[in-house]
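Coordinate-derived values only; no laboratory data. Please read all numbers here as calculations on a predicted model, not as lab measurements. Please note: Cβ atoms are built from the backbone with ideal geometry, for glycine as well, and neighbour counts cover all protein chains shown.
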Amino acid sequence: MNFTIQSNLHVAIIMDGNGRWATGRGLPRIAGHPAGAEALRRIVEAAPGCNIGTLTVYTFSSDNWTRPQYEVDALMSLLGCYLARETPRCLASDVRMTVIGRRDRLPESLCLAIENAERTTSGGRILELRLAIDYSARDAILNASARTSGDGVTRERFAALLGESRPVDVLIRTGGEQRLSDFLLWECAYAELIFSKTMWPDFSPADLRRALDQYSHRERRFGGIPLPPPANAKGHWLR
Ligand code: FPP
């Protein structure tokens, strides 16, 4: 495989397919979520070796509140367990954990676990792991708009109000669906999109490396045109 290491990427992942992974094994669909959390742990471990500097993952969308209460409860409790278990691991491996999204509708115990994780890992320098919980990109854009003063709004200032750490370079969605589902709409303006049919609990570090290999073959033009090959002093093209 011709894998070119990219420097310091921001990768975002829509971790889809937990429910289908479970039902495909004759298990209740919520059994897919703990398996999905394990897959995330493996991906976080592999991320720095893939030169990922920022990893933003969609763990609970604001539209997920419409799921049956038992599934919402299972996800909230799993998120709390994940944060409690991963905080010391992140601290030991120099990973900073932050959470984006609304906090006012989360259980208090989860808010405390988030605050503890953010505080404890705030010095992490190898990777920023951003968990999107009760997150909606459209709501984030509306909230940022409400905080702008009207005039003098620049893209940079708006991005800061949005809490955008940096633009997304590559967005991966597993589970075979090909949509953005209200995830990082502003930040993904020029993201390369990679869709995988693999259900999230089966998504492995090797799959991550394959996705980044695909990304490394994309030409990012940001609305421009391909750069011409370099010319020598006489103006002749060198290749
Ligand atoms: C989509 O699968 C996944 C979610 C709604 C939540 C993502 C959660 C995890 C990966 C596990 C929990 C993570 C942490 C950090 C604790 P789906 O249920 O929509 O699957 P389906 O499309 O097959 O129904």
Check your understanding: More than 19 Å apart: what percent of Cα pairs in the range 90-184 qualify?
Key -> 54
Review point. Mind listing the phi-derived Karplus ³J(HN,Hα) values for the range 55-64, rounded to whole Hz, using 6.51, -1.76 and 1.60 with θ = phi - 60°, and x for any glycine or proline?
Key: 10, 10, 10, 8, 9, 7, 8, 4, 7, 5
Study note, to complete from the structure: Taking the chain and counting helices only, DSSP H stretches of n ≥ 4 at -39,500 (n - 2.57) each over all residues, the nearest-500 ellipticity at 222 nm comes to -11500 deg cm²/dmol
Practice item. Taking amide H positions as placed in the peptide plane 1.01 Å from N, state which residues far from M97 in sequence (5 or more) or on other chains have amide H under 5 Å from it. Key: T121, L129
Study note, to complete from the structure: Computed for the range 80-184: size of charge dipole around the Cα centre, +1 on C-beta of each Lys and Arg, -1 on C-beta of each Asp and Glu, debye to nearest 20, value 100
Check your understanding: Span-like helices, the chain: DSSP H, alpha-carbon axial extent 20 Å or more, mean Kyte-Doolittle 0.0 or greater, which ones?
Key -> 69-92
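Taking the beta-carbon count within 10 Å as an exposure proxy, list L227, L129, L75 from fewest neighbours to most.
Lowest count first: L227, L75, L129.
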Study note, to complete from the structure: Its Cα gyration tensor gives the chain an equivalent ellipsoid whose semi-axes in whole Å, largest first, are 32, 23, 18
Point to revise | Those trypsin sites (Lys or Arg not before Pro) in the range 131-163 that DSSP places in a loop and that have at most 15 other beta carbons within 10 Å | key: R147
Review point. Counting only residues 5 or more places away or on other chains, whose amide H sits under 5 Å from the amide H of L9 once H atoms are built in the peptide plane?
Key: I52, G53, T54
Review point. Mind checking the dipole of the chain: about its Cα centre, +1 per Lys or Arg Cβ, -1 per Asp or Glu Cβ, Debye to the nearest 20?
Key: 620
Practice item. Please list the non-local residues whose amide H lies under 5 Å from the amide H of L184, H modeled 1.01 Å from N, same-chain partners needing a gap of 5 or more. Key: A137
Point to revise | Vicinal HN-Hα couplings computed from phi for the range 167-176 (Karplus, 6.51 cos²θ - 1.76 cosθ + 1.60; Hz; Gly/Pro x) | key: x, 7, 8, 9, 10, 10, 10, 9, x, x
**Study point:** Among R130, R25, R42: highest mean-square fluctuation, GNM of the chain, C-alpha pairs under 10 Å
**Key:** R25
Exercise for review: State whether the range 25-158 is rounded, prolate or oblate according to the following rule on the C-alpha gyration tensor (a ≥ b ≥ c being the square roots of its eigenvalues): a/c under 1.5 gives rounded; otherwise a/b larger than b/c gives prolate, and the remaining case gives oblate.
Suggested key: oblate
Exercise for review: Rank A22, I43, Y70 by how far each Cα sits towards the positive end of the charge dipole of the chain (+1 on Lys, Arg Cβ; -1 on Asp, Glu Cβ) and give me just the farthest.
Suggested key: I43
Exercise for review: In whole angstrom, note down how far apart the Cα centers of the range 19-83 and the range 160-182 are.
Suggested key: 16
Study note, to complete from the structure: Taking W186, W200, W65 and counting other beta carbon atoms within 10 angstrom, the fewest-first order is W65, W186, W200
Point to revise | Isotropic mean projected area of the C-alpha convex hull, the range 172-212 (nm²) | key: 3.0
Revision key, fill the gap. Rg/Rh over Cα atoms for the range 1-86, Kirkwood Rh, comes to 1.03
